[in-house]
1. Return the only residue of Arg20, Arg77 being in a helix (DSSP H, G or I) and modelled with pLDDT of 90 or more.
2. Being in contact (Cβ under 8 Å) with a residue 24 or more places away in the chain and open to solvent by 30 Å² or more (accessible area, probe 1.4 Å) is the filter; apply it to region 34-43 and report the residue that is nearest to Leu11 (Cα to Cα).
3. Go through region 44-62 and give me each residue that's loosely packed, with under 15 Cβ neighbours inside 10 Å and either over 13 Å from Lys146 (Cβ atoms) or among the hydrophobic types (A, V, I, L, M, F, W, C) (or both).
4. Conditions first: (1) open to solvent by 20 Å² or more (accessible area, probe 1.4 Å); (2) polar (S, T, N, Q); (3) touching a Gly at 6+ places or on another chain (Cβ under 8 Å). Ser12 passes all but one, so which condition is the exception?
5. Cβ-Cβ below 9 Å, separation at least six or inter-chain, first residue in region 150-177 and at positive phi, second open to solvent by 60 Å² or more (accessible area, probe 1.4 Å) and outside any strand (DSSP E or B): which pairs?
6. Checking Ala227 against (1) open to solvent by less than 90 Å² (accessible area, probe 1.4 Å); (2) not in a helix (DSSP H, G or I): exactly one of these is not met. Which one?
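The values are calculated or read from the model by the stated rules, or taken from the named source; none is laboratory data. If you're wondering where the values come from, they're calculated on a predicted model, not measured in any experiment. When we count neighbours, we look across all protein chains shown, and the Cβ atoms used for this are built from the backbone with ideal geometry, even at glycine. All accessible areas refer to the heavy atoms of the entire protein, side chains included, with ligands and DNA or RNA removed. Shrake-Rupley method; radii C 1.70, N 1.55, O 1.52, S 1.80 Å.
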Amino acid sequence: MTAASVEAGGLSAEQLEQFREALAAGRKPRVQFTEAAGQISGQIGQVVALEDPAVSDEWVVVRFGRDELPFSPTDLRVAPKGVPAKKAAPAPEPPAEPVLSGPEFLIDKPLPPKPPVQRKSEEAVEVKESNEPAAPRKVARPAKVKPSPGLTVTLAYGEGEWTVAANQGAKALARPYVIKPAEALKMVSLIDVPGVQEAVEQILSAERAEAQQQAERLRAELAEVEARLAELGEAG
């Protein structure tokens, strides 16, 4: 594969690795949108982040104007040096009408002859033009809308604690934090999946039995301490 075909088809793995090194050094590489990006083809943007490609196909975050949106590597190529972003050409201004210095006097000026009336020929031209099919209009290609990353909420149990975490794509919205077992059971009750509630109830039953054993053990130790204290009181 030649360098020209790689550039036309999007960013290569080597170019993406160079972008990753540039971002680590604090630089923001310039890229140009390809034809796959839709109406913004040819525009220039800056790569500000590289997300996890395993989460989404659109993992190259590009700053374009005031927005930062994720794109696929096929939507981008390395921006040519010295090539600015495409801008719409300004509409030409209509020619200024000449300003007359004063009114025109027609005292001795003869009137121009009137042209002959050609109504039949004009009507024939109008009929001919009306019978011609209208030229097809070019439909503008709609801009490619980038779907927002998916939201994932995780309820987990480990080492005697229940935790909840939330991620949107590769971005962590809420890091794992501890919740009460009753709150975990309430969340699981919303999931109508066979076996899930039974598994949670088994975990809670095991924790309840372990807590009860620990309470009995502490009661026995407390009874021994109180008996020892009573003996010391009688001896005194």
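1. Exactly one of Arg20, Arg77 is in a helix (DSSP H, G or I) and modelled with pLDDT of 90 or more, namely Arg20.
2. Taking the candidates together, the pick is Ala36.
3. Going residue by residue through region 44-62, those that are loosely packed, with under 15 Cβ neighbours inside 10 Å are 48, 52-54, 57.
Hits for region 44-62 are Val48, Asp52, Pro53, Ala54.
4. All conditions pass for Ser12, except number (3).
5. Correct list of pairs: Gly160/Glu210; Gly169/Glu51; Gly169/Asp52; Gly169/Val55; Gly169/Ser148; Gly169/Pro149.
6. Of everything listed in (1) open to solvent by less than 90 Å² (accessible area, probe 1.4 Å); (2) not in a helix (DSSP H, G or I), Ala227 misses just condition (2).
Every residue, every condition in (1) at pLDDT 80 or above; (2) over 30 Å from Trp59 (Cβ atoms), yes or no:
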| site | (1), (2) |
| --- | --- |
| Trp162 | yes, yes |
| Gln168 | yes, no |
| Ala174 | yes, no |
| Lys180 | yes, yes |
| Glu183 | yes, yes |
| Lys186 | yes, yes |
| Gln197 | no, yes |
| Val200 | no, yes |
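Let's see how each residue does on (1) more than 30 Å from Asp52 (Cα to Cα); (2) open to solvent by 90 Å² or more (accessible area, probe 1.4 Å):
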{"residue": "Gly160", "(1), (2)": "yes, no"}
{"residue": "Ala166", "(1), (2)": "no, no"}
{"residue": "Lys171", "(1), (2)": "no, yes"}
{"residue": "Ile179", "(1), (2)": "no, no"}
{"residue": "Gly195", "(1), (2)": "yes, no"}
